[in-house]
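Trainee: Let me give you the structure first, and then I'll get to my questions.
A short reminder: the numbers here are calculations on the coordinates, not readings from a lab. Keep in mind the model is a prediction, meaning the values are calculated, not measured. Every residue, glycine as well, gets a Cβ built from its backbone with ideal geometry; the counts of neighbours run over all protein chains shown.
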Amino acid sequence: MKFLVTGGAGFIGSAVIRHLINDKKYSVFNVDCLTYAGNLASLHSVSKSDLYHFQKLDICNSDGLRVVFDRYQPDVVLHLAAESHVDRSIDAPAVFLQTNIMGTYALLQAALEYWRTAPLDVKQRFRFHHVSTDEVFGDLALGDAPFTEMATFAPSSPYAASKAASDHLVHAWHRTYGLPVVISNCSNNYGPYHFPEKLIPHTILNALSGRELPVYGDGQQIRDWLFVEDHARALCLVAEKGALGETYNLGGGSERRNIDVVKSICAILDDLAPSLRQPQLASYSDLIAFVKDRPGHDRRYAINAYKIRDQLGWSPKETFESGLRKTVAWYLENEGWWRPILNGEYMLQRIGDAR
Ligand code: NAD
């Protein structure tokens, strides 16, 4: 199987590529333009493999995409490239609309042209898997049932709205042009190689450097957490076995309040790294500080993942407790990955590579 993966240098994309190459032995072509969130260091374990190919390319570049499709002749497109950070979408939405909407449009068009003229066997196998988020559904009240695949779209942030728009485009390209697509909408991911601006790595790394652990508002916002490697397995399964035109909701069945996530990280660090804690602190949790809430902040997301469980036999291997412990341990052991991000060296290395 030949997978064309977009956004493969990002957090989830790199987990998917490691899974496709190390576990499935599939060929992968990674298309990524390397924004601040893309980091080829996350792919070190596979980058020397004959199965791995990379091209630095913006998914808005239609001509470039056409060349990649023609040369690589993929069986599957796994589309993850996106701007993904909600706070950044509030401060500067334009690039979110450009990449998440127009980039998805350019990729759909390139895929459609390729699929229409592909040899019959490729045409029959071909699938376009669009990777999306539960944030397209907006938020839930405390007693509401978790989102099913039938939930109405009600996005709150510019990020979520741009992802919702891209989901609509993918559905339309299926209904109108017959492009063989599948879509998945997943809850919050966490795990190794997560960019330090997101809640869990931000908390771990701030705690290790003795800085404040900021928690938005009252910290009562609830997210349904999924370990990234469980998500990677699910994406591969949906891409290969999902019914065409269908959507699959993916989640960990692990609803946690943000404040409890931060406290759990502190408890694990107290256990694994007491010697790195500043002497004046009794616990890393002494660093917790409540800060002004994000505008339009959704209170609760929760996913009903029964469809993929019942139809495709997927379930997460990690509980939130086991996955979080693995994640904290990974950050303790992999300063070589995160330090260059914190001090900006990873961007300088990139300029050096390009010279
Ligand atoms: P990420 O921000 O870590 O990575 C995004 C990747 O896309 C980066 O490597 C970046 O360089 C690349 N990229 C951005 N714009 C591009 C462009 N114009 N052309 C080519 N490459 C580009 O994101 P992530 O957390 O890995 O999320 C991946 C996908 O999964 C996104 O589509 C996101 O909406 C979705 N998703 C994420 C989560 C989550 O919790 N992180 C949950 C559900 C769904």
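Trainee: I'd like the projected area of the stretch 138-274, averaged over all directions, using the convex hull of its alpha carbons. Report it in nm² with one decimal.
Mentor: Numbers: hull surface 39.7 nm².
Computing the convex hull of the Cα atoms and averaging its projections yields 9.9 nm².
Trainee: Cα axis of helix 345-354 to longest principal axis of the chain: angle in degrees, 0 to 90, nearest 10?
Mentor: With both axes taken from Cα atoms, the answer is about 30 degrees.
Trainee: Still on this model: Could you tell me the largest-minus-smallest coordinate of the C-alpha atoms of the stretch 113-161 on each of the three principal axes, in descending order and whole angstroms?
Mentor: Principal extents (largest minus smallest coordinate, Cα): 51, 23, 13 Å.
Trainee: Short version: what are the Cα gyration tensor semi-axes of the stretch 296-355, square root of 5 times each eigenvalue, largest first, in whole Å?
Mentor: Numbers: eigenvalues 248, 58, 48 Å².
Value: 35, 17, 16 Å, ordered largest first.
Trainee: Then there's this: How many nm separate the modelled label positions at F153 and Y36, each set 7 Å beyond the Cα in the direction of the Cβ?
Mentor: Modelled inter-label distance: 2.7 nm.
Trainee: Expressed as a whole percent, how much of the Cα-Cα distance distribution for the stretch 52-114 exceeds 13 Å? Numbers along the way, then the final one.
Mentor: Numbers: 1243 of 1953 pairs.
Tail of P(r) above 13 Å: 64 percent of Cα pairs.
Trainee: Shifting gears a bit: Mean 1/r over all different Cα pairs, inverted: what Kirkwood radius does the stretch 138-185 give, in Å? Write down the numbers at each step before the final one.
Mentor: Details: mean 1/r = 0.0818 Å⁻¹.
By the Kirkwood definition, the hydrodynamic radius is 12.2 Å.
Trainee: Can you give the translational diffusion coefficient of the chain in µm²/s, computed by Stokes-Einstein from the Kirkwood radius over Cα pairs at 4 °C and 1.567 mPa s? Mind showing how you got there, number by number?
Mentor: Numbers: Rh = 20.8 Å.
In µm²/s, the coefficient is 62.
Trainee: If you don't mind, there's one more thing I want to ask. What does the charge dipole of the stretch 47-177 about its Cα centre add up to, to the nearest 20 debye, if the Cβ of each Lys and Arg holds +1 and the Cβ of each Asp and Glu holds -1? Working shown, then result.
Mentor: Values: 11 positive and 16 negative charges, 117 e Å.
Charge dipole, the stretch 47-177, about its Cα centre: 560 debye, nearest 20.
Trainee: Given 4 °C and 1.567 mPa s, compute D for the stretch 74-208 with the Stokes-Einstein relation, Rh being the Kirkwood radius over Cα pairs; round to the nearest whole µm²/s. Show your work: numbers first, answer last.
Mentor: Details: Rh = 16.4 Å.
Approximately 79 µm²/s, per Stokes-Einstein.
Trainee: Could you work out the percent of alpha carbon pairs in the stretch 232-355 separated by over 27 Å, rounded to a whole number?
Mentor: On the way: 3509 of 7626 pairs.
Here the tail beyond 27 Å accounts for 46 percent of pairs.
Trainee: Restricting attention to the alpha-carbon atoms of the stretch 184-264, what are Rg (one decimal) and Dmax (integer), both in Å?
Mentor: Rg, Dmax (Cα atoms, Å): 15.1, 49.
Trainee: To continue, here is another question. Provide the descending list of Cα extents for the stretch 1-118 along its principal axes, expressed in whole angstroms.
Mentor: 40, 35, 18
Trainee: When only alpha-carbon atoms are used, what values of Rg and Dmax, in angstrom, describe the stretch 263-325?
Mentor: Cα radius of gyration and Dmax of the stretch 263-325 are 17.8, 53 Å respectively.
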